[in-house]
Every structure is written in structure tokens, then in C-alpha cells.
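Student: Attaching a single structure in C-alpha cells format; questions to follow.
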Amino acid sequence: MNPLDTLIKQYVVPVAKAAGFTKKGRVFRLVSAHGDHLLMHFDTHEVDPEKCVFDVTFWIVPLPHWEFLRRQDVAPSEPRAGGALATYPVVPPAVVAHEPEEEMPFRSRWAFSEPGTRDVCGRELARVLVEEAFPRVTRLLDRKTFLKETRVNPNGELVLLRGAAQSEIMLRIDDDPIAEVIALVDKAEEDGLSPSVVTWARQRLKQRAM
């Protein structure tokens, strides 16, 4: 088994399963009651012949945004990271960082040697997930909380991937009063929001009103 997959199996799977995630390959998935998805990805980097170097990144994919992006599909597919409104990199402690003195994005890379520091890295990763990352990101499956976060921390540790207006529409379109969201869409259109988003939003709101 690949060294990273061994580490994931031993240290990540138990804590992720306890937090409600399911696993497929190197992707872990947590789904909210209304269908929003939180994805945790493990991606490797072939930059050091002596170490296994990888990133751990969360992607928050609200269902309305995924359905907008896949609006031409005959059958909806399972949400993927490409439909995320925001991302959150899990930054390693210096002891298991590949380049602890670097700035982002390189500072987000975890690293271990096999078998030398694998267990140290695994234990630290499990600890950071349980103590920091899971509490930070799982609450973003609540759309109101997510919306608040996009307003106060758009490009800090939580990186917003779409414009503020589009993000707010996607997070409010299914739950907030229709008149308020219509006004939001009208204002966004005046400010230059993509016509495809505006058209889709109005159609979705029309269906809600029926």
C-alpha cells in the first residue's frame, strides 16, 4: 500500500468516520440534511524524493451552487470540489510541514519519511483534524453560518472562490424569503453579475413560489 494511504487508513479514517465522513479513495465526504457537501481531499506533490509530501484541503459545496453549475446535465451527478464556493487548507504544525518557513500555499504541505516520521505526521494530522479543522469546517454546512463566514473572513484561512454576490445568492436562494432574494438578485444584476446566474436564480425562485 502507498505510504500516504497507509497513513490515511491508520490515522485519518478513524477520526473522520467518528465525525460522520464517508470515504472513497483519498476523498472524504460529509453531507448535510439539505444536500450540501463538505469534501476533504488528500493530494500529493512529487517535490521531494526522500519524503511523502501532500496537502489536506476542505471544499464546501452548497447544493444550489452545484446544481447551477450542472444545470445542463440530464441527471445530476454527485457534488465535487469543482463546485465549491470556498476552500480551507489544513496547515500542518512546523514539525511535520515540508517547508515550515515558506508562505502559503507551500506552507500547507505536510511531509513525512517512511518509516521515520510517518507516525509523528499521522498523529499530528489526526490531532489537527479533531481539534481544529473539523470544528472549523463542519459548521459551514449550515448555510447561515457559511454566509456569515464569507462576510467576515473571505480570503483568510477560509478562501472564497466566487464573488460575494453570487455566493450570497447560492446560500440564501432556497431558505430565505423569496422577496428578499429577488431584491438581492436584482441588485446583483445591476452590479454586473453574470446573466447565467441571474437567469438561473430567477427560475429557481419562480419554482419556489409555485
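The values are calculated or read from the model by the stated rules, or taken from the named source; none is laboratory data. These numbers were taken from a predicted model, which means no experiment stands behind them. Every residue, glycine as well, gets a Cβ built from its backbone with ideal geometry; the counts of neighbours run over all protein chains shown. Side chains included, ligands, DNA and RNA excluded: accessible areas come from the protein's heavy atoms. Shrake-Rupley method; radii C 1.70, N 1.55, O 1.52, S 1.80 Å.
Student: Condition first: at pLDDT below 95 and out of contact with any Asp or Glu (no Cβ under 8 Å at 6 or more places or on another chain). Can you find one or more residues in the range 182-204 that meet it?
Tutor: no
Student: Let me ask another. Could you list, in sequence order, all residues of the range 3-20 that are open to solvent by 70 Å² or more (accessible area, probe 1.4 Å) and closer than 23 Å to Lys51 by Cβ?
Tutor: Correct list: Lys9, Gln10.
Student: Consider the range 90-140. How many of its residues are in contact (Cβ under 8 Å) with a residue 60 or more places away in the chain and surrounded by fewer than 16 Cβ atoms within 10 Å (Cβ to Cβ)?
Tutor: Within the range 90-140, residues that are in contact (Cβ under 8 Å) with a residue 60 or more places away in the chain and surrounded by fewer than 16 Cβ atoms within 10 Å (Cβ to Cβ) number 4.
Student: Okay, moving on. Between residues in the range 67-80 that are within 19 Å of Leu171 (Cα to Cα) and residues that are assigned to a loop (DSSP other than H, G, I, E, B) and hydroxyl-bearing (Ser, Thr, Tyr), which pairs lie under 9 Å by C-beta distance while being six or more apart or on different chains?
Tutor: Close Cβ pairs satisfying both conditions: Arg70/Ser77.
Student: Would you check which residues across the range 21-60 are open to solvent by less than 40 Å² (accessible area, probe 1.4 Å), within 17 Å of Leu85 (Cα to Cα) and outside any strand (DSSP E or B) and list them?
Tutor: Ser32, Gly35, Asp36
Student: Right, here's the next one. Residues of the range 168-210 being open to solvent by 30 Å² or more (accessible area, probe 1.4 Å), without any contact (Cβ under 8 Å) to a residue 24 or more places away in the chain and acidic (Asp, Glu), which ones?
Tutor: Glu168, Glu180, Asp186, Glu189, Glu190 - these are the residues of the range 168-210 that are open to solvent by 30 Å² or more (accessible area, probe 1.4 Å), without any contact (Cβ under 8 Å) to a residue 24 or more places away in the chain and acidic (Asp, Glu).
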